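Please read the structure below before turning to the comments.
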Amino acid sequence: MSNTEFPDDELRHEQEFIDGLYARVDMLRGEAELSVADALAQGDKPMQARLERDILVAERSGLLAALNAVDGSLCFGRIDLSDGTSHHIGRIGLREDNTERTPVLIDWRADVARPFYLATGHTPLGLRRRRHIATEGRTVTHLHDEILDLGEATRTGHEDHNGDDVLLAALNAARTGRMSDIVQTIQAEQDEIIRAPHRGVLVVEGGPGTGKTAVALHRAAYLLYEHRDLLARRAVLIVGPNPAFLGYIGEVLPSLGETGVLLATVGELFPGVKATATDTERAAAVKGRAGMADVLAAVVRDRQELPDPVIAIEHDREVLMLDDGLVRVARERTRATTLPHNVAREYFEGHILNTLTDLYAERVGTDPYDGSNLLDASDLTQIRDELAENPEVWSAIDRLWPRITPQRLVADFLAEPDGYLPEEDADAIRRPVTRTWTVADVPLLDEAAELLGEDDRVARERAERERETQIAYAQGVLDVSYASRTYEFEDKEEGDPEASEVLSAHDIIDAERFAERHEEADHRSAAERAAADRTWAFGHIIVDEAQELSPMAWRLLMRRSPTRSMTLVGDPAQTAQAAGAGSWSEILEPYVEDRFEHTRLGVNYRTPSEIMELATAVVRAENPHFEPPSSVRSTGVRPWVRDAGGDLPGAVAEAVTELTPAEGRLAVIAPRALHRRLAARLDGVTPGAEPDLTRTVVLLEPRQAKGLEFDSVLVVEPGAYGTSDLYVALTRATQRLGVLHTGPLPEGLKQAAATP
C-alpha cells in the first residue's frame, strides 16, 4: 500500500501490520490446504495409512475452518502499556511461527487482553492508550484512540473524546439477518460474566437488548479457550428457543474461531428425532409438568403384565401353567433390581425360565412311589436350556415383560392417556399414533428412554461376531504373508544369515492385535458424537430463553450436565410459554437447591429509549412495578400506532414500504392466522416455521422473534397477543417501530395511539 493511499502514518502503520497478519493467515491456510490435498492423494495406501490420512484430514480441516471463519476483522484493537510495550488484540492468537514466542496477535480471551475491555480513565490498569481499529475486509478505515493516562503527551490525531463512538457505531449499524459478535465492544459488566468460572450454575438475567445472548456466546468461546482440554473432549451445548434463532446466532462462534459447539433446540435433543411441530398451549403445559415423570413411570410399570388368569406353555408333551402368583414373584424380584425396564428384562427372563424349569422338573422328575426328586443339577440345566429354545416361552415373556422403545411407549400413551391424567388433561394431549413429534414430546421421549434403558445384549453379540470375523480375516492376511515369506527364502541354504534373520508378521503381531489396529476410527468431532448420543455428558451447557423451558425439559438438560456446569440466560418478563417456570429458584431448586450465582444485565444497547418507553407502558399496565433496562441511546424517532381501517393487508403493505430501511432488515410481526393473507401482499415474503432472516422483509409471529433484532419492526394486531408476547414484539427494533391494528388496543398502547 503506497504512501499516497495512506498519508496518515498511524493508519499506514496499522495497515502494514494487518497486511502482515493476513499474510500469515494465508500461509497457514495454504499449508493446511496442501496437507489435506497430499493426505487425500494417499488413497491407494494400506489401511493404516488410510486411517492416518483420515486423522490428518480431520485436523487440517479443523484448522481451515477456523482460519476461514475469522477472515473478517481479524484484528480490532491495540493496547499501549505504561512500560512502552504494545499488544494488538484480535479474534484469534497468531505467532511468528508455531513456537512459544511472544504472539504477534493476542487472542481477545487471553488475560493480557482483558484491560482492553476493563480499563477506564479512573482505573487505567497499566494502559496509556486503547485503540479501536475499524476495518472493511482487510482494509483499515478508521482508528479510535482513547487516552487513559492523563500524563500521556503523545497525540495521534485519532483521539476519540467521546469514548463511545465505536459502541454507538456498532449499535447503529444496519442489521444483516445474522447476529454479529461483540468482541470489539464488550463492556465491563459483560466481560465479568464472560470470564466467570465455568463450574456451577450461572444465571444471567436481562431485559431486551441487554446483550445477554451475545454474552452467552462469547462466554462459550472464552470457556473453550480457557478449558480447551476438558471442553474439546466433552463439547459445549447451546440450547436456543427455535430453529430461526439458531440460524440467527450460527455465525458468531465461527467468527471467533470456535466451530466445535453443538447448537440445538429442545426438539433436537433426542437422537433420531427433529421436532418442530408445536402443541396447543394447554397440551404443552400438561406435557411439561414435572409430574409427567411419575406418569410415564406408571405407564412403564403397567407394561409389566400379569397373566389373566394363566398362560399355558406346551413343552415336550407337558403343559406348564404360569399363573398370577408365579409371575408376580418374578416381577417383584425383577423390579427390586431397580434397573430400567429393558435392562431388567434379562433378570425377568431368568426368573421365568427358573420357574418353568421347576414346574417341569416336578412333573417328570418326581418318583411316583416315594415322591423323591430323581433329577440332578445337570438334568435341571439341560431342562432349562431346552426351555430357552421353546418359542412359546419367549412369546409369554414378550407378553409379560415386553421390550419397548421410547417412541412406542410415548406414542401409545398419547393415544390413550386415560386413567393416568385427569379427564381434561387427557383430552388436551390425546392424539392418534403418528410419526410426527412436537417439541413438548421430546422431553417425554427422553424420560421414557431413561425409564426403559437399552438392552444391549443383541448389539454386544453382533459386535462380538463382527470382531471374530475381523480376527479371522486378519489371520488369513498373516497366513498369506507368512507363506509368501517362506516361499521367498525356501531356497536359502541352512545357516544363511539372511534367511535366519528374516522376521515375518507372525513374529511381531498376532491376528487379534492386527485386527484391532485396523478397526475403523471415529473421526467425528465431540459435538457430532454428542448429537448422536442421548447419554452424552457435556462439559458446559448454555441455555438461551431459559425461562421458557418446562420442568420436563429441565430434567432432560440436567441429565446431560451431571456436573451442573451451566449458563442460563433469560428474562422472566418475557416468559410466554404456559409450561415455563415462574422463577429461577423454581427451575433450579430440584437440582442445585440455592447453590447458583445470579447476575443481571441492566443496560439496553439495542432498543432506543423512545421505543422502550412504549414497551414499558404495555407491561406496566399489568405490572405497575415493572422496571425495564435502561436504554443507552435515543434516535429521536417516536414509534407510531395506527388504525388499519378495513384493508389490513393493504395497510401492512403501505407500512412496509414506509418502514423498510435503505439498508438493513424489517420484521413484520403478526398472529400466525394472518400470515398467508399478509404474505400475499408482500413481495418476496413467504410464511413458514423457519423464515430466511437474511431477506430484507421477514414475516414472523412473536415467539419466532424471540432473541432476534431488526432495524425496523411492524407489529400487527397487538390485541391478539398476551403481554409477554407483545413486549417481545415491541422490543425487536433498533431504529423504527410501527403498530397497526383493527381491533381493540391493549391498555398500554392507547395513549400512544391518541398522540399525533
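Quick rundown of the values:
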quantity	calculated
In segment 261-298, the residues that are in contact with a Gly (Cβ under 8 Å, 6 or more places away or on another chain), in contact (Cβ under 8 Å) with a residue 60 or more places away in the chain and either open to solvent by 30 Å² or more (accessible area, probe 1.4 Å) or closer than 30 Å to Phe348 by Cα (or both)	Thr276
Residue match in segment 689-699 (condition: outside any strand (DSSP E or B), touching a strand residue (DSSP E or B) at 6+ places or on another chain (Cβ under 6 Å) and surrounded by 19 or more Cβ atoms within 10 Å (Cβ to Cβ))	yes
Positions within segment 261-298 being closer than 12 Å to Ala440 by Cα and assigned to a loop (DSSP other than H, G, I, E, B), in sequence order	Leu269, Lys274, Ala275, Thr276, Thr278, Asp279, Thr280, Arg289
Residue within segment 580-593 that is open to solvent by less than 20 Å² (accessible area, probe 1.4 Å), closer than 16 Å to Val236 by Cβ and touching a Lys or Arg at 6+ places or on another chain (Cβ under 6 Å) present	no
Some residue of segment 143-150 being under 35 Å from the mean Cα position of the chain (by Cα) and either surrounded by fewer than 21 Cβ atoms within 10 Å (Cβ to Cβ) or touching a residue at least 12 places away in the same chain (Cβ under 8 Å) (or both)	no
Residue in segment 537-574 that is farthest from Thr213 (Cα to Cα), counting only those that are open to solvent by 10 Å² or more (accessible area, probe 1.4 Å) and of a type in the set (A, V, I, L, M)	Ala537
Residue within segment 232-249 that is closer than 25 Å to Arg529 by Cβ, over 14 Å from the mean Cα position of the chain (by Cα) and assigned to a helix (DSSP H, G or I) present	yes
Residue count for segment 334-368, restricted to those that are under 18 Å from Pro307 (Cα atoms) and either touching a residue at least 40 places away in the same chain (Cβ under 8 Å) or in contact with a His (Cβ under 6 Å, 6 or more places away or on another chain) (or both)	7
Count of segment 531-580 residues which are assigned to a loop (DSSP other than H, G, I, E, B), in contact with an Asp or Glu (Cβ under 9 Å, 6 or more places away or on another chain) and within 19 Å of Glu701 (Cβ to Cβ)	8
Residue match in segment 101-110 (condition: in contact with a Ser or Thr (Cβ under 9 Å, 6 or more places away or on another chain), without any contact (Cβ under 8 Å) to a residue 12 or more places away in the chain, open to solvent by less than 60 Å² (accessible area, probe 1.4 Å) and over 24 Å from Glu189 (Cβ atoms))	no
Residue in segment 51-71 that is modelled with pLDDT under 85, over 30 Å from Thr141 (Cβ atoms) and not in a helix (DSSP H, G or I) present	no
Residue among Thr213, Thr185 that alone is of a type in the set (Val, Ile, Thr), closer than 19 Å to Val252 by Cα and assigned to a loop (DSSP other than H, G, I, E, B)	Thr185
Which numbered condition Thr154 misses (of (1) modelled with pLDDT of 85 or more; (2) exposed (fewer than 15 other Cβ atoms within 10 Å of the Cβ); (3) among the hydroxyl-bearing types (Ser, Thr, Tyr))	(1)
Residue match in segment 217-228 (condition: touching a His at 6+ places or on another chain (Cβ under 8 Å), at pLDDT 90 or above, within 24 Å of Leu557 (Cβ to Cβ) and open to solvent by 60 Å² or more (accessible area, probe 1.4 Å))	yes
Evaluation of Asp44 against (1) open to solvent by 30 Å² or more (accessible area, probe 1.4 Å); (2) over 25 Å from His142 (Cβ atoms); (3) at pLDDT 65 or above; (4) over 29 Å from the mean Cα position of the chain (by Cα) (one fails), failing number	(3)
So Asn342, is it surrounded by fewer than 17 Cβ atoms within 10 Å (Cβ to Cβ), assigned to a helix (DSSP H, G or I) and under 52 Å from the mean Cα position of the chain (by Cα)	no
Residue identified as among the small types (Gly, Ala, Ser) and more than 21 Å from Gly247 (Cβ to Cβ) among Ala655, Ala667	Ala655
Segment 398-415, residues that are crowded, with 18+ Cβ neighbours inside 10 Å, out of contact with any Leu (no Cβ under 6 Å at 6 or more places or on another chain) and not in a helix (DSSP H, G or I)	Trp401
Of the criteria (1) open to solvent by 50 Å² or more (accessible area, probe 1.4 Å); (2) touching a strand residue (DSSP E or B) at 6+ places or on another chain (Cβ under 6 Å); (3) of a type in the set (A, V, I, L, M), which one Leu380 fails	(2)
Pick from segment 125-142, criterion open to solvent by 40 Å² or more (accessible area, probe 1.4 Å) and not in a strand (DSSP E or B), ranking: modelled with the lowest pLDDT	Gly137
Which numbered condition Ala655 misses (of (1) open to solvent by 50 Å² or more (accessible area, probe 1.4 Å); (2) farther than 24 Å from Ala546 by Cβ; (3) touching a residue at least 24 places away in the same chain (Cβ under 8 Å); (4) not β-branched (Val, Ile, Thr))	(1)
Candidates Leu745, Leu714 - the one that is touching a residue at least 60 places away in the same chain (Cβ under 8 Å), open to solvent by less than 10 Å² (accessible area, probe 1.4 Å), in contact with a strand residue (DSSP E or B) (Cβ under 8 Å, 6 or more places away or on another chain) and of a type in the set (A, V, I, L, M)	Leu714
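Here's the yes/no breakdown for (1) β-branched (Val, Ile, Thr); (2) farther than 18 Å from Gly748 by Cβ; (3) in contact with a Phe, Trp or Tyr (Cβ under 8 Å, 6 or more places away or on another chain):
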position: Gln577; (1), (2), (3): no, yes, no
position: Gly580; (1), (2), (3): no, yes, no
position: Ile587; (1), (2), (3): yes, yes, yes
position: Tyr591; (1), (2), (3): no, yes, yes
position: Arg595; (1), (2), (3): no, yes, no
position: His598; (1), (2), (3): no, yes, yes
position: Arg606; (1), (2), (3): no, yes, no
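To keep it simple, each residue is scored yes or no on (1) open to solvent by 30 Å² or more (accessible area, probe 1.4 Å); (2) over 22 Å from Val364 (Cβ atoms); (3) assigned to a loop (DSSP other than H, G, I, E, B).
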site: Val300; (1), (2), (3): no, yes, no
site: Ile313; (1), (2), (3): no, no, no
site: Leu320; (1), (2), (3): no, no, no
site: Val329; (1), (2), (3): yes, yes, no
site: Thr334; (1), (2), (3): no, yes, no
site: Thr337; (1), (2), (3): yes, yes, yes
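The values are calculated or read from the model by the stated rules, or taken from the named source; none is laboratory data. This structure is a prediction, so every number in the text was calculated from the model and none was measured. Cβ coordinates were reconstructed from backbone atoms using ideal geometry, including for glycine residues, and neighbour counts include every protein chain displayed. The accessibility values were calculated without ligands, DNA or RNA, using every heavy atom of the protein model including side chains. Shrake-Rupley method; radii C 1.70, N 1.55, O 1.52, S 1.80 Å.
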